[in-house]
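What follows is a set of notes on a single structure, which appears directly below.
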Amino acid sequence: MEHLHSTEAALDALRELAREYDREIEVTHDIGADQTSRRGAAGIGVTADPDGSLPHEAYVEFGGSPRISVRLYPGDESGDADALITVEHVACHDIPRDSVPAFVRSVLSGLAHVKGRRFPPGYRFVVPLPGDETYKEFIPMVSLTPWLSSRVR
């Protein structure tokens, strides 16, 4: 996976995926410490981080089915950045920013699936990524949308 050094680099990769899979994409930007969701303690009118940088957060929505949204968070003090990816109301937290394009590609290409169990009963949303990395999220039984139901194995 390619290293995405900024929120804008991740957005470029997501725009390319939208073109590749012929999907509409809508992007909303939040720039400044007083605007980003994880910097609520920044204070009124404080736009820069202590190091002088402007944090950049973005929210992306893909058109079509399945419904996919991505919230790209700015990097923390160590430079690590992550994302919240929601597919058909299933929230996948703490996805590393470098893994976001592969995650979305896996969903759009049909690799992502839902795994069901009889005992204890339940479903998991499974998203395989290159390099033997897999993300799994629990899905309550009452939350299966038609798209998720069509992916049950």
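Do we find that Y59 is within 26 Å of G131 (Cα to Cα) and modelled with pLDDT of 60 or more in this structure?
no
Of all residues in segment 132-153, those that are loosely packed, with under 12 Cβ neighbours inside 10 Å and in contact with a helix residue (DSSP H, G or I) (Cβ under 9 Å, 6 or more places away or on another chain) total 0. When the residues of segment 70-107 are filtered to those that are modelled with pLDDT of 95 or more and of a type in the set (S, T, N, Q), the one that is nearest to G131 (Cα to Cα) is S106. Quick check on R67: is it under 29 Å from I139 (Cα atoms), modelled with pLDDT of 60 or more and either touching a His at 6+ places or on another chain (Cβ under 7 Å) or not small (G, A, S) (or both)? When the stated conditions are applied, R67 passes them. Selection of segment 78-107 for residues being of a type in the set (G, A, S) and either within 15 Å of A13 (Cα to Cα) or surrounded by fewer than 21 Cβ atoms within 10 Å (Cβ to Cβ) (or both) yields S78, G79, A83, A91, S99, A102, S106. When the residues of segment 6-24 are filtered to those that are in contact with a helix residue (DSSP H, G or I) (Cβ under 9 Å, 6 or more places away or on another chain) and open to solvent by 70 Å² or more (accessible area, probe 1.4 Å), the one that is nearest to G75 (Cα to Cα) is E16. Scanning segment 108-131 for residues that are open to solvent by 60 Å² or more (accessible area, probe 1.4 Å) and farther than 23 Å from E61 by Cα returns K115, R117, R118, F119, P120, P121, P130, G131.
The values are calculated or read from the model by the stated rules, or taken from the named source; none is laboratory data. Since the structure is predicted, the reported quantities are computational estimates derived from the model, not experimental observations. Here the Cβ is made from the backbone with ideal geometry for all residues, glycine too, and neighbour counts use every protein chain on show. Surface areas here come from the heavy atoms of the whole protein model, side chains and all, with no ligands, DNA or RNA. Shrake-Rupley method; radii C 1.70, N 1.55, O 1.52, S 1.80 Å.
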